[in-house]
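The values are calculated or read from the model by the stated rules, or taken from the named source; none is laboratory data. All values reported here derive from a predicted model rather than from experimental measurement. Every residue, glycine as well, gets a Cβ built from its backbone with ideal geometry; the counts of neighbours run over all protein chains shown. Just so you know, the surface numbers come from the protein's heavy atoms only, side chains and all, with ligands and any DNA or RNA stripped out. Shrake-Rupley method; radii C 1.70, N 1.55, O 1.52, S 1.80 Å.
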Amino acid sequence: MRRRTEILVLLICLVIVTTSFASTVTYDHRAIVIDGKRRVLISGSIHYPRSTPEMWPDLIQKSKDGGLDVIETYVFWNLHEPVRNQYNFEGRNDLVKFVKLVAEAGLYVHLRIGPYVCAEWNYGGFPLWLHFIPGIKFRTDNEPFKAEMQRFTAKIVEMMKQEKLYASQGGPIILSQIENEYGNIDSAYGAAAKPYIKWAAGMAISLDTGVPWVMCQQSDAPDPIINTCNGFYCDQFTPNSNKKPKMWTENWSGWFLSFGGTVPYRPVEDLAFAVARFFQRGGTFQNYYMYHGGTNFDRTPGGPFIATSYDYDAPIDEYGQVRQPKWGHLRDVHKAIKLCEEALIATDPKISSLGPNLEAAVYKTGSGGCSAFLANIDTKSYATVNFNGNSYHLPAWSVSILPDCKNVVLNTAKVNSMSVIPSFMHESLNTNADSTDSIGSGWSWINEPIGISKASAFNKLGLLEQINTTADKSDYLWYSLSMNIKGDEPFLQDGSQTVLHVESLGHGLHAFINGKLAGSRTGNSDNAKVKVDIPITVVPGKNTIDLLSLTVGLQNYGAFFDLSGAGITGPVKLNGLSNGSSIDLSSQQWTYQVGLKGEDSGLPSGSSSEWVSQPALPKNQPLIWYKTNFDAPTGNDPVALDFMGMGKGEAWINGQSIGRYWPAYIASNSGCTDSCDYRGPYSANKCRKNCGKPSQQLYHVPRSWLKPSGNILVLFEEMGGDPTQLAFATRKMGSLCSHVSDSHPLPMDMWGLDSKTRRASNPTLSLSCPSPNQVISAIKFASFGTPLGTCGSFSHGRCSSAKAHSIVQKVCVGSTSCSIDVSTRTLGDPCKGVKKSLAVEVSCA
């Protein structure tokens, strides 16, 4: 009896333990409410399949250290259900593991189930088999689609419930999202759009997660769904009910990269301005899209033409390293906003004008607390304003945050965080060639057959659309035609010359005539279609036309995006050069082959017995598979492969695809600037770099995919290249910099000091080596006065303290970190009456 009593007591204790951490999550007009308390929440997007499970804990911890409360992620239907009713939640697809790791770090989760995700992800996240369900129409009031959408959404919800991951069960998930940016395109779906959204909302609520649901960019989101904002700025957004909080689900921290495009970036001063303006004008939940962008491994990017890198200029870069000063300055912004939290959640802001383009917002608590935001939204002019009897200097396009309505803790335009210039150290794949397992010790190859080579090939009259034919099992579809040409054909009157005219929906094609490459053409991210005229040589008698059509990721956005076609739909013609005669080949009987023979033969694993290494390595030829063995670069620094010298294709390391590579696609020579003025509204094309260079040259190789030795690299080269030029590039830290003026606010950690101490303190320049086993080894530049330039290109201005360099050297060299007062008392006064600043660049070793 005593034993039974003990067991009963133990069970009661277990029930208490497992339920005591359950949270109640609701909302009101001001904020998300957790356990009865309104919360100001800072969130950031990390997409679990765009990094590796080995990277997740560090990414999550760096997010927490950067001031995040919430991690936001989509759920990727086509990864989890690649075949109908066959699921994959392993490896990078282990959603449950990712959510649990976020919980272990003490952060919340916003689970954006969708299941349409956009996200520059192949087919918007929908599995291709969905397209082939009879009678289906995507994202509208269509019963087959709704049945499949509900089935998958319910499966994800049930999986989360089984693992007790909703906050109502004691888990970290405080929000879920249904649909995604439908309001941007719902007008195209006509009268069926509104009942579809009403159904989606009702379906989501019926799943009884115990946490609120949101719809982004959906102004008519039915109650109790919260409609939210996506964009570069959301300070002017208002939810569709005064009972709902103002939420920003996507603050675009940069922009995505396309093959053929220049590299976009967003200045941190503008991003910080957007964040502060949102909270100034009543927002209480803000999410960075992306906080870590990551990598589009395999064939996951959409677009078409989305690059393999999904870095997004995010606060944590593609390789998992913090991007400075973006990460550090935003961390300070978050700290400043959290100092205002009690006032922010207490009431709506009282907004008043301080002059043209000048604005104050004041929040007051019932107990006398007060926080204020002062904004200068002018794009050019510095302003001095009077607020509560005090004078404040506001740079153009900036917000000052005053947690006590008196003292400025931060101005968004004044970056007090250090900058880091990353560098890549190259290591040739051809070193140590004497060892059989050494890096690049030898290449072997297999030629991919030109034209039809598989037994699964089939004949069909006319030209077939590619996606319906391949079901996206491969990027490639062969169109092959054999024809007999008489010597007296009219279009051969100029001899044997004619022109092959081909029109394609995209995204590219290679034309082979009698086994020889005759010409190629690709579309671009603005227009995927291809129209090409290729001069060709034919011979009397039998001729073979082999057209290799290729896709570069499927459409992921827009109304009816799922109906966007690809491939050669014609016409295909032979045009004469002299008399205008032509032959239309479009309706002939073509032979089709889905994919490459090498794909079916398992060549990406490198294990085939067909590899050859004699006689000479073929270079700069199309359609070749290459393989080599290599040792991993030493150390723990992030690793990339430099593909300069190659054309276009896909690469695998130890059987895992690092994605498509395309260094031969060179970006435009125009549209880039040496420096981008953060002032004024940002757009995706405002700040660009890398003009006239490959859109992407370096491709991330996760460290966890590498063994110390005996690694296998396999390439499929589509256009032609030289694999011996490949090199590893390990990511290092080049320089640390900081540039702080004597008018900067004090460091954030000084806010809690008494007013007398704060008044006696000065702005501080701080530097810290990124690794605890590193020290500052050299001072590359130091100037106090009016220094010019940016990190990596500082120069002395009209005045400069003669002793600044020696002071910085004495304080910093040999230390892991150092701090220096930015004041004339410390550094001397080289030019009296002039506003001064301290600029420093150092290296760590």
Can you return the lysines within cross-link range of residue 693? Criterion is Cα-Cα under 21 Å, with same-chain partners fewer than 8 residues away left out.
648
Any aspartates and glutamates whose Cα falls less than 12 Å from that of residue 454, other than same-chain ones fewer than 8 residues away, would be 599, 600
For a quick protection proxy, order the peptides 51-62, 409-420 by their average other-Cβ count within 10 Å, most packed first.
409-420, 51-62
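With +1 on each Lys and Arg Cβ and -1 on each Asp and Glu Cβ, and nothing else charged, work out how big the dipole of the chain is about its Cα centre, in Debye to the nearest 20. Display every interim value, and only then the final one.
On the way: 76 positive and 74 negative charges, 464 e Å.
The calculation lands at about 2240 debye.
In square angstrom, what is the accessible area per residue of segment 325-376 with a 1.4 angstrom probe? Display every interim value, and only then the final one.
Working: 1940 Å² over 52 residues.
Each residue of segment 325-376 exposes 37 Å² on average to a 1.4 Å probe.
For segment 348-413, count the residues as N, evaluate 2.2 N^0.38 Å, and divide the Cα radius of gyration by that value, please.
Compared with the compact-globule rule of thumb, segment 348-413 sits at 1.05.
For segment 567-681, what relative contact order do you get, as a whole percent, if you take Cα pairs closer than 8 Å and at least 6 residues apart?
Numbers: 71 pairs, mean separation 17.1, N = 115.
Relative contact order here is 15 percent.
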Pairing the Cα long axis of helix 268-280 with the longest principal axis of the chain, what angle in degrees results, from 0 to 90 and rounded to the nearest 10?
60
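Expressed as a whole percentage, what fraction of the accessible surface of segment 617-758 belongs to carbon and sulfur atoms when a 1.4 Å probe is rolled over the protein heavy atoms?
The nonpolar share, carbon plus sulfur, comes to 46 percent.
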Mind ordering 624-632, 150-158 by average Cβ neighbours within 10 Å, highest first?
624-632, 150-158
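Given 25 °C and 0.890 mPa s, compute D for segment 244-381 with the Stokes-Einstein relation, Rh being the Kirkwood radius over Cα pairs; round to the nearest whole µm²/s. Before the final figure, lay out the partial values.
Values: Rh = 16.8 Å.
Once the numbers are plugged in, D ends up at 146 µm²/s.
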Based on a Kirkwood Rh over C-alpha pairs, give the Stokes-Einstein translational diffusion coefficient of segment 319-433 at 10 °C and viscosity 1.306 mPa s in µm²/s.
97
Environment charge at residue 625 (Cβ cut-off 12 Å; Lys +1, Arg +1, Asp -1, Glu -1):
-4
For residue 64, counting only lysines whose alpha-carbon sits under 16 Å away and dropping same-chain residues fewer than eight positions off, the answer is 100, 326, 335, 338
Unit-weight point scatterers at every alpha-carbon of segment 25-346, Debye formula, q = 0.07, 0.11, 0.13 1/Å: log10 I(q)/I(0) is -0.25, -0.65, -0.94
Filtered pair list for segment 458-595 (Lys only, Cα < 26 Å, 8 or more apart or interchain) has a length of 20
With a ≥ b ≥ c taken as the square roots of the eigenvalues of the C-alpha gyration tensor of the chain, please select rounded if a/c is under 1.5 and otherwise prolate if a/b is larger than b/c or oblate if it is not?
prolate
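Just add up the charged neighbours of residue 122: K/R +1, D/E -1, any other residue whose Cβ is under 10 Å from the Cβ of residue 122. Numbers along the way, then the final one.
Values: positive: 299; negative: 120, 298, 472.
Surrounding charge for residue 122 is -2.
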Here D for segment 759-827, in µm²/s, from Stokes-Einstein with a Kirkwood Rh over Cα pairs at 4 °C and 1.567 mPa s, works out to 100
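So what is the accessible area of segment 70-147 per residue, in Å², with the probe set to 1.4 Å? Could the numbers behind the result be given before it?
On the way: 2510 Å² over 78 residues.
Accessible area per residue: 32 Å².
Quick one: net charge of residue 715's neighbours, Cβ under 14 Å, K/R +1, D/E -1? Before the final figure, lay out each step's value.
Values: positive: 619, 627, 648, 660; negative: 448, 599, 642, 650, 717, 718, 722.
Combined, the nearby Lys, Arg, Asp and Glu give -3.
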In segment 348-413, carbon and sulfur make up what percent of the accessible area (probe 1.4 Å)?
49
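For segment 458-595, give the percent of accessible area contributed by carbon and sulfur heavy atoms, probe 1.4 Å, rounded to a whole number.
Numbers: 2650 of 5690 Å².
Ligands and nucleic acids excluded, carbon and sulfur reach 47 percent.
Residue 761 to residue 64: extension gain in nm, 0.36 nm per residue of separation minus the Cα-Cα distance?
Values: separation 697, 0.36 × 697 = 250.92 nm, distance 2.88 nm.
Stretched out fully, the residue 761 to residue 64 stretch lengthens by 248.0 nm.
Among the listed pairs 246/350; 161/246; 62/810, which have their C-alpha atoms separated by more than 26 angstrom in this model? Display every interim value, and only then the final one.
Values: 246/350 16 Å; 161/246 28 Å; 62/810 31 Å.
Beyond 26 Å: 161/246; 62/810.
Enter the accessible area per residue of segment 727-783 (Å², integer; probe 1.4 Å; all protein chains in place).
Values: 2470 Å² over 57 residues.
That works out to 43 Å² per residue.
Using only the Cα atoms, what convex hull volume per residue in Å³ does segment 713-844 have? Kindly include the intermediate steps, with their values, before the conclusion.
Values: hull volume 25.0 nm³, N = 132.
It is 190 Å³ per residue.
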Ranking 449, 31, 582 by how far each Cα lies towards the positive end of the charge dipole of the chain (+1 on Lys and Arg Cβ, -1 on Asp and Glu Cβ), the top one is 31
Residues meeting the amide H criterion for residue 623 (H placed from the backbone, H to H distance under 5 Å, 5 or more places apart or on another chain) are 718, 719, 720
For the chain: relative contact order, % (alpha-carbon pairs under 8 angstrom, 6 or more apart):
12
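So what is Rg over Rh here for segment 510-553, counting just Cα atoms and using Kirkwood for Rh?
On the way: Rg = 12.5 Å, Rh = 11.9 Å.
Rg/Rh for segment 510-553 comes to 1.06.
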Taking the C-alpha atoms of segment 576-634, how large are the radius of gyration and the largest Cα-Cα span, Dmax, in Å?
20.1, 65
